[in-house]
Amino acid sequence: MATLSDAQIAEHLRSLPGWQRDGETITKRYTFPSFLRAIAFINAIAPLAEAANHHPDIANTYNRVSITLSTHDEGGITEKDMALATQIEQAAGTE
């Protein structure tokens, strides 16, 4: 899978509110009302990542969850990252 061009990345990010490019990754920080809700969110996205065989970097600090995506095998951002970010956004909406 080829990495996306700068223009393609920018176009995708327009439909992913709050997601930002950080070098060769895309990232977003979510804030939830409690620690338990943050952990529930992580648990909700784990099966999505497993099904896609694409595992994000996840950091949790109390009620905040930071997600970072990059296709390491390709050395940058691919459609795989954008597809999983879209699924993560949908999961965040159901939390």
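Assorted remarks:
- Applying the condition of being out of contact with any helix residue (DSSP H, G or I) (no Cβ under 9 Å at 6 or more places or on another chain) and either among the aromatic types (F, W, Y) or part of a strand (DSSP E or B) (or both) to the range 61-75 and asking which residue is nearest to I42 (Cα to Cα) yields S66.
- Residues satisfying the stated conditions in the range 11-61, i.e. among the aliphatic types (A, V, I, L, M) and touching a strand residue (DSSP E or B) at 6+ places or on another chain (Cβ under 8 Å): L13, L16, I26, A38, I39, I42, I45, I58, A59
- Residues (more than 14 Å from the chain's Cα centre (by Cα) and under 14 Å from L84 (Cβ atoms)) located in the range 32-60: A51
- Scope the range 61-95; condition of a type in the set (S, T, Y) and either crowded, with 16+ Cβ neighbours inside 10 Å or touching a Lys or Arg at 6+ places or on another chain (Cβ under 6 Å) (or both); matching residues: S66, S70, T71, T78
- Residue within the range 39-60 that is of a type outside the set (A, V, I, L, M), part of a helix (DSSP H, G or I) and surrounded by 12 or more Cβ atoms within 10 Å (Cβ to Cβ) present: yes
- Residues of the range 6-31 that turn out to be in contact (Cβ under 8 Å) with a residue 40 or more places away in the chain, over 16 Å from Q87 (Cα atoms) and either more than 10 Å from the chain's Cα centre (by Cα) or in a helix (DSSP H, G or I) (or both), as a count: 4
- Complete set of residues in the range 8-24 that are of a type outside the set (A, V, I, L, M) and crowded, with 18+ Cβ neighbours inside 10 Å: H12, W19
Readers should treat all values here as calculations from the given coordinates under stated rules, not as data from a laboratory. None of these values were measured; they are calculated from a predicted model. Cβ coordinates were reconstructed from backbone atoms using ideal geometry, including for glycine residues, and neighbour counts include every protein chain displayed.
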